[in-house]
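The values are calculated or read from the model by the stated rules, or taken from the named source; none is laboratory data. Computed from a prediction, not measured in an experiment: that's the story for all the values here. Note: ideal-geometry Cβ built from the backbone for every residue, glycine included; neighbour counts use all protein chains shown. Protein only, heavy atoms only, side chains kept; ligands, DNA and RNA dropped before computing areas. Shrake-Rupley method; radii C 1.70, N 1.55, O 1.52, S 1.80 Å.
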Amino acid sequence: MTTLPAGTTVVGSATITTGDLAEHTANKPSFYADPAAWLVAATAHRALTDSPADVLAGAEDTGVLVMSANGSRDTLRAIARSLPRVSPLRFAGANPGVLAGLPCLRWGLRGPSLLLAAHPDAAAGVAFTVADGWLRTGQARHVLLIGLQTEPGGHLCRCLVLSTEEVPPCPS
């Protein structure tokens, strides 16, 4: 990623690499989300676990910004191959926006959310500008900035928890 805006600090982070997206999937018959979204949600959870407790306590003011050029591409292709027999549940869960939405649903995050449909290296400047705007205008107290990319042999997902506040360290 690129340089943090002045006054913004990283208060938590996580990285997950996987060769198999199904490894992090927690789909149920009544709830479906794209396997890539489950990887994003797992990475967000690890970053939140690495963050001070007040980040989750302030979930109503925590935003999520995801950067991914691939997103739910594999699932959308599978759905296209299965038309017209596709379940509405599966179709909705393959929406690219689910990459930003699933962490919000899983962890009760109620701040702004956005998916930038671009590779994290290309989208980082825009992402930091948007996150900085959310933090400086009070739209969010914390922002999860998540980059998902496909690499040879698998997927790499990174999450930074950003803040402009002085945050006490996590209790041990």
Have a look at Ala36, Ala44 and point out the one that is at pLDDT 95 or above and either among the aromatic types (Phe, Trp, Tyr) or surrounded by 19 or more Cβ atoms within 10 Å (Cβ to Cβ) (or both). Ala44
So for region 142-152 (the condition being at pLDDT below 90, within 17 Å of the chain's Cα centre (by Cα) and either small (Gly, Ala, Ser) or surrounded by fewer than 23 Cβ atoms within 10 Å (Cβ to Cβ) (or both)), does at least one residue qualify? yes
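Among Ser13, Ser30, Ser82, which is open to solvent by less than 80 Å² (accessible area, probe 1.4 Å) and modelled with pLDDT under 75? First the steps, then the outcome.
Numbers: Ser13 fails: modelled with pLDDT under 75; Ser30 fails: open to solvent by less than 80 Å² (accessible area, probe 1.4 Å).
Unique residue meeting the criteria: Ser82.
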Residue among Leu115, Leu89, Leu99 that is open to solvent by less than 10 Å² (accessible area, probe 1.4 Å) and modelled with pLDDT under 95: Leu99
